[in-house]
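Inspection log for the structure reproduced underneath, given as structure tokens.
Derivation of every value follows stated rules applied to the coordinates shown; laboratory data play no part. Since this is a predicted model, take the numbers as computed values, not measurements. For neighbour counting, all protein chains shown are included, and Cβ atoms are generated from backbone atoms with ideal geometry for every residue, glycine included.
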Amino acid sequence: MQVQSIPFLDLVTPHRDLEEELVAVFKRALETAGFVGGPMVAGFEQDFARFCGTRNCVGVGSGTDAVRFALVAAGVKPGDVVVTVPNTFIATTEAITQAGATPDFVDVDERTYNMDPDQLRRYLQVQCRVDGATGRVYNKRLGRPVTAVVPVHLYGQPADMDPILDLAERFGLLVIEDACQAHGAEYFSRKDNSWKKVGAMGRAAAFSFYPGKNLGACGEGGAVTTNDDEIARKVRMLRDHGQAQKYYHDLEGYNGRLDSVQAGILQIKLRHLTVWNEKRRERARRYQELLGSAEQELRLPYEPSWAKAVYHLYVVRVQNRDALQKHLAEAGIGTGIHYPIPLHLQEAYAHLGYKRGHFPVCEGAAAEILSLPMYPGLGDEQQDRIAQNLLDFGSANTSSRISASALASNVTAHSA
Ligand SMILES: Cc1ncc(COP(=O)(O)O)c(C=O)c1O
């Protein structure tokens, strides 16, 4: 009997389950010929703003558009420097460049892989100077003003926002959250003594609805959330050729709208998001049970007490990552690497002048991280098989850093 493969991501089953409702959205669009804008977009925007706890949500064409429009609408200007992390998808920095700014980097935290607030502090205190006359912060090397910081809630895990927001306030920086991988993740603000949804903490935030995201469209889509009505108004103009009234263009904008069919689909899927996210958290807990005692060799995701992660990705860390990935592929188990080459070492950013060694935490992680299958419908048996294969790999490779005995006891205990 042929063993069924376990995909890295299953996008077929959830759509099969919702097929009737999703097809009805398309029929509604055909009947009304409302393909762009209209009530489906407005309806989704209202629902997603409520979900995030923000006053506004503006649907746009993609997550990349969302980051770019949020930066521009919040006031980032050509020639500015915008600080982010090297461990993110290139869209974060593409959007910064498209806004006319230069991306710059600070290293990530060893355990969460998100922006390390201490590194941001060091960057601002050591690599920047404050102009005595204007109070603006200038990057000494680039001689340009640093005006914004983009923390990325990577893998569905919130960045540590309290210290980032404090630093931003102290140095007069805008904070634009890249929440493209973290729909519904929550952060406990020690400062305000309350839980907050990602997307509701910076001046504005960007979401992607690329199909594989926790909330994914059946095509492209994105959104900007913000409590700032003026930023929302500007994003609405930027997404629609700079017009608030048809053919009256106050500025040059873009064709960056969320289309109605995608909005209607997202509105339906949004009703399931909390349950889907909880299922992902359950899967993460189960991985932790199965693999927990091997954690010295196989580092599992770390969720600080102030975070409720939504596990867009389940990322483990292991020294012989490439061999393990090959072993799992041979067993029919799909995995991914997010991301194999840090942005400061990408050819596209050679002009920034960074070299290997500049962001050691990110570089170390990039060589060892592996994303295991993670989606709401991942089954117990599938997880047992994944864990068992990690165990097999450990025993077959004596040089392996995965401890076979530790894994064995866990897999047996939980597959009974
Ligand atoms: C962290 C991050 N930022 C931005 C984006 C861009 O989103 P999109 O692909 O919808 O343009 C993505 C999408 O993968 C992402 O993961």
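Normalised by the number of residues in the chain, the average gap of Cα pairs under 8 Å and 6 or more apart makes the relative contact order 20 percent. Sketch the reach of a paramagnetic label on Lys77 as a point 7 Å from Cα along Cα-to-Cβ, and name the residues of segment 127-159 whose backbone nitrogen lies under 11 Å away. The answer is 145, whose backbone nitrogens lie closer than 11 Å to the label point. Please go through the residue pairs Lys213/Lys355; Lys308/Lys355; Lys234/Lys269; Lys140/Lys355 and name each one whose alpha carbons sit more than 24 Å apart in this structure. Cα-Cα > 24 Å for Lys213/Lys355; Lys308/Lys355; Lys234/Lys269; rest within. The coefficient of translational diffusion for segment 309-397, derived via Stokes-Einstein from the alpha carbon Kirkwood radius under 10 °C and 1.306 mPa s, stands at 108 µm²/s. Calculation over all alpha carbon pairs of the chain in 20 angstrom steps from 0 returns a P(r) of 26, 55, 18, 1 percent.
One chain, two ends: His351 and Glu381. Fully extended at 0.36 nm per residue, the span grows by 6.0 nm beyond their Cα-Cα distance. Across segment 39-46, coupling constants 3J(HN,Hα) worked out from phi with the 6.51/-1.76/1.60 Karplus curve, θ = phi - 60°, read x, 5, 5, 4, x, 5, 4, 5 Hz, and Gly and Pro carry x.
Relative to the current alpha-carbon distance between Leu18 and Asn193, full extension at 0.36 nm per residue lengthens the span by 59.2 nm. Reported to two decimal places, what Rg/Rh ratio describes segment 53-187 when computed on Cα atoms with Rh from the Kirkwood expression? Rounded to two decimals, Rg/Rh equals 0.94.
How long are the three semi-axes of the equivalent ellipsoid of segment 1-78, in whole Å, if each is the root of 5 times an eigenvalue of the C-alpha gyration tensor, listed from largest down? Ellipsoid half-lengths, sorted descending, are 32, 22, 13 Å. Efficiency by 1/(1 + (r/R0)^6): what FRET value for Ala42 and Arg271, r their Cβ-Cβ distance, R0 = 22 Å, to the nearest 0.05? For Ala42 and Arg271, the calculated efficiency is 0.85. Dividing the helix sum by the residues of the chain, where each DSSP H run of 4 or more adds -39500 (n - 2.57), gives a mean residue ellipticity at 222 nm of -12000 deg cm²/dmol. For segment 160-251, the normalised intensity computed at q = 0.17, 0.22 Å⁻¹ comes to -0.85, -1.11 (log10 of I(q)/I(0), Debye sum over alpha carbons, equal scatterers, no solvent). Tell me, what is the FRET efficiency for Glu169 and Arg141 to the nearest 0.05, using R0 = 30 angstrom and their Cβ-Cβ distance as r? Given R0 = 30 Å and the Cβ-Cβ separation, E is 0.80. In the elastic network of the chain, a GNM with C-alpha springs shorter than 10 Å, the most mobile of Glu295, Glu110, Glu347 is Glu347. Mean-square fluctuation check for the chain, GNM, Cα pairs under 10 Å: which of Lys213, Lys196, Lys246 is largest? Result: Lys246 has the largest fluctuation of those listed. The packing ranking of peptides 331-342, 59-70, 156-167, highest mean first, is 59-70, 156-167, 331-342, where packing means the average number of other beta carbon atoms within 10 angstrom of each residue. Taking every alpha-carbon pair within segment 125-204, the share separated by more than 15 Å comes to 59 percent. What percentage of all Cα-Cα pairs in segment 247-344 are separated by more than 20 Å? Value for segment 247-344 (Cα pairs over 20 Å): 61 percent. Report the normalised scattering of segment 270-312 as log10 I(q)/I(0) at q = 0.13 Å⁻¹, calculated by the Debye formula with identical scatterers on the alpha carbons. Taken in order of the listed q values, log10 I(q)/I(0) reads -0.33. Distance between the 7 Å Cα→Cβ label points at Tyr247 and Glu110: 6.4 nm.
Sites listed here are chymotrypsin sites (Phe, Trp or Tyr not before Pro) in segment 223-269 whose DSSP assignment is loop and whose Cβ has at most 11 other Cβ atoms within 10 Å: Tyr247.
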